[in-house]
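**Student:** Sending over a structure as C-alpha cells; questions will come in a sec.
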Amino acid sequence: MRQYWLSRVSWAVHTNPFRQHDTQYSRSLTVPLRWPTSDSRLIVQAALHGLQQIYRPGLNYAKAGVMLLGLQHGPAAQHELALGDDAPRLEALMAAMDRINERHGPGTVALASAGHFAENRIWSMRQALKTPDYMARWSDIPTALA
C-alpha cells in the first residue's frame with residue numbers, strides 16, 4: 001500500500017449568496033503543518049484549528065469544505081531532525097490503524113472527533129445531486145443501448 005503525506009489543510013465556508021436577507025459571509029484559510037505527515041491526529045488538529053478561525057456562529061452556511069494539500073509520496077517527504085520526538089511511534093500507530101481498518105472495514109478504528117462512521121451520527125452529507133464518478137466506479141459509467 002502506498003502511503004501519502006500532506007503538508008497543508010485548507011478550509012472554505014460561505015453562506016448562500018441567493019438568500020439576500022441572510023448575513024453574507026465567505027472565508028477560506030490554509031493551515032500549514034509543521035512537516036508533511038500522515039498522522040490523522042495532527043491532520044484533524046490542524047483542520048479543527050482552521051475551522052475555529054473562520055467559523056462564525058449564527059450564520060446560515062450553504063457550503064463548507066476542507067481540502068488536503070501538498071500530497072506527496074511518504075518516502076519522498078523531507079523531515080526535520082526529530083530530537084526528543086516520538087514520531088516513529090506515532091507513525092507506527094497510524095500504520096496500525098490503517099491495517100485494522102483495511103482488515104475489518106472502514107471506520108473500525110477512528111479518531112474520537114471523526115464520528116463520520118458512527119451509526120448514530122446526527123448529520124450526514126446530502127448527496128442526492130452528486131455527480132457520478134465515471135472514472136472510479138464501474139456502476140457510474142453510462143451505457144448506450146442500441
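**Student:** With the requirement that a residue be surrounded by fewer than 16 Cβ atoms within 10 Å (Cβ to Cβ) and under 22 Å from Leu71 (Cβ atoms), what does the range 1-26 give you?
**Tutor:** Hits for the range 1-26 are Met1, Arg2, Gln3, Tyr4.
**Student:** Which of the residues that make up the range 6-25 are among the polar types (S, T, N, Q) and either within 15 Å of Gln53 (Cβ to Cβ) or in a strand (DSSP E or B) (or both)?
**Tutor:** Ser7, Ser10, Thr15
**Student:** Is there a residue in the range 73-84 that is among the charged types (D, E, K, R), exposed (fewer than 10 other Cβ atoms within 10 Å of the Cβ), out of contact with any Gly (no Cβ under 8 Å at 6 or more places or on another chain) and at pLDDT below 75? Before the answer, list the steps.
**Tutor:** So the first thing to find is which residues in the range 73-84 are among the charged types (D, E, K, R), and the list is 80.
Subsequent filtering for residues that are exposed (fewer than 10 other Cβ atoms within 10 Å of the Cβ) retains 80.
Checking the rest, the ones that are also out of contact with any Gly (no Cβ under 8 Å at 6 or more places or on another chain) come to 80.
Now narrow it down to the ones that are at pLDDT below 75: 80.
Yes; the residues of the range 73-84 include at least one that is among the charged types (D, E, K, R), exposed (fewer than 10 other Cβ atoms within 10 Å of the Cβ), out of contact with any Gly (no Cβ under 8 Å at 6 or more places or on another chain) and at pLDDT below 75.
**Student:** Within the range 94-105, track down each residue that is open to solvent by 40 Å² or more (accessible area, probe 1.4 Å) and within 13 Å of Ser40 (Cβ to Cβ).
**Tutor:** At the first step, the residues of the range 94-105 found to be open to solvent by 40 Å² or more (accessible area, probe 1.4 Å) are 98-100, 102-104.
Across the range 94-105, the qualifying residues are Asp98, Ile100.
**Student:** For the range 27-55, enumerate the residues that are of a type in the set (S, T, N, Q), touching a strand residue (DSSP E or B) at 6+ places or on another chain (Cβ under 8 Å) and surrounded by 13 or more Cβ atoms within 10 Å (Cβ to Cβ).
**Tutor:** Of everything in the range 27-55, those that are of a type in the set (S, T, N, Q), touching a strand residue (DSSP E or B) at 6+ places or on another chain (Cβ under 8 Å) and surrounded by 13 or more Cβ atoms within 10 Å (Cβ to Cβ) turn out to be Ser28, Thr30, Thr37, Ser38.
**Student:** From the residues in the range 106-123 that are modelled with pLDDT of 65 or more and open to solvent by less than 100 Å² (accessible area, probe 1.4 Å), which one is farthest from Leu48 (Cα to Cα)?
**Tutor:** Filtering the range 106-123 for residues that are modelled with pLDDT of 65 or more and open to solvent by less than 100 Å² (accessible area, probe 1.4 Å), the one farthest from Leu48 (Cα to Cα) comes out as Thr108.
The values are calculated or read from the model by the stated rules, or taken from the named source; none is laboratory data. Source: prediction; values computed, not measured. Don't worry about glycine lacking a Cβ; one is built from the backbone with ideal geometry, like all the others, and counts go over all protein chains shown. Only protein heavy atoms, including side chains, enter the accessible area calculation; ligands, DNA and RNA are left aside. Shrake-Rupley method; radii C 1.70, N 1.55, O 1.52, S 1.80 Å.
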